[in-house]
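Encoded as structure tokens, the structure appears first; notes follow it.
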Amino acid sequence: MLHFPVIFSSLFVSDNILDDFILIGDNTKGAASRLDINNNYSHTYIVFPNWIYSYDIDYDPVDHIIYWMSDNRDICSGSLFGNSEITVRSKNGLSYTGGIAVDSISRLLFYTDMGNHVIAAIRLGESQQKTVVKTSLGYPSAIVTDPINGTIYWADSESPGKIEKSNYDGTNRQELVNTGLSSLSGLAVDIYDGVLYWCNIGTFTIERANVDGSNRSLIYQDQIRVEGCSIALYHSYLYFTTWWSRYSIMRIRTDGRELISLAASEYIYPVAIHVHINGRLGNNGCSNASGGCSHFCFPLPGGYKKCACPDLMTLQADGKTCRYGKYLFYNCSFSLL
């Protein structure tokens, strides 16, 4: 049963940070939107001067920074308060970014590049990248992280679609779901209960499975409402974007009950969604001084870690330090006499 919409008030950005909130990429207002969950979904616009159509959005609660993937292929960031906008990764190195995922504990951002068929990591606040998956990828789209165990999960929308996972460095790669998938547009993970959720707009469904791919089940199916779907988890609820009824945000329980619409009139074209839950950071092997790694620190289960190097650099014998290869030259010039 569809319940009546929840109506909320609209404000412009302030420096007030509430505990739990939803971030929306609304592509007609040139802004992100924040909905405060515990304050009757009170609504705040977060305006960025150079905001261009956002395909995905995420958040770093440590520095209060929003990250988004724009239509011009840049990965950008800006303060939760609507300032300090910068380009994290420019379109010069990107073909067509599919999704982004922030690991605030390890200080990493992962992104999928559908055109170059790779998945890569960037250290937050820096520009160097590490390509972690570069083989047998079709069109990698949505991506999420398990920062405690150092696992990435991603959707591949090439027909036939599939959902895969690997360690942060691309090792231990496994296909989890590879049947009945088409046009995968949203992915969420519950790292505490070990459950994956996804939007399959090719079949107009929202589904779930264990993080090992077992116990797959249907949560919701609707040919109208499951369209243009991005998805985020909040305790026992899923929030997802839809282009139904003047476009809106929907909420449904993870068991498929209690579907409601959150004020469709507030949005014209919501595409990306992320939910922040206060106090959910935790610790891993990279929590303390980046695990002693000079560049990338990838967490492993049990509080362990693995150091890794940016592309074109090599890990040294100490297992922590990265250096450029022997034959890498830069800033070279010459002339013919």
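The table below gives the values:
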item: Subset of region 168-189 [of a type outside the set (Ser, Thr, Tyr) and surrounded by fewer than 17 Cβ atoms within 10 Å (Cβ to Cβ)]; result: Asn172, Arg173, Gln174, Glu175, Asn178, Gly180
item: Selection count where residues are assigned to a loop (DSSP other than H, G, I, E, B), closer than 18 Å to Arg251 by Cα and touching a residue at least 60 places away in the same chain (Cβ under 8 Å), scope region 29-63; result: 1
item: Test result for Gly98, surrounded by 21 or more Cβ atoms within 10 Å (Cβ to Cβ), modelled with pLDDT of 90 or more and in a strand (DSSP E or B); result: no
item: Which listed residue, of Val275, Val271, is at pLDDT below 80 and under 27 Å from Ile100 (Cβ atoms); result: Val271
item: Where Ala308 falls short, out of the listed (1) at pLDDT 95 or above; (2) farther than 13 Å from Asp169 by Cβ; result: (2)
item: Region 1-60: number of residues that are basic (Lys, Arg) and at pLDDT below 80; result: 1
item: Number of positions in region 293-305 that are modelled with pLDDT of 95 or more and loosely packed, with under 15 Cβ neighbours inside 10 Å; result: 1
item: Residue in region 207-221 that is closer than 21 Å to Asp58 by Cα and polar (S, T, N, Q) present; result: no
item: Some residue of region 80-90 being part of a loop (DSSP other than H, G, I, E, B), of a type in the set (Phe, Trp, Tyr) and free of Cβ contacts under 8 Å to residues at least 40 places away in the same chain; result: no
item: Strands (runs of 3 or more DSSP E) contained entirely in region 109-153, each with at least 3 residues that are buried (at least 21 other Cβ atoms within 10 Å of the Cβ) and touching a helix residue (DSSP H, G or I) at 6+ places or on another chain (Cβ under 9 Å); result: none
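The values are calculated or read from the model by the stated rules, or taken from the named source; none is laboratory data. Only a predicted model underlies this, so the values are computations on that prediction, with no experimental measurement involved. Because the Cβ atoms are built from the backbone with ideal geometry, glycine has one as well, and the counts that use them run over all protein chains shown.
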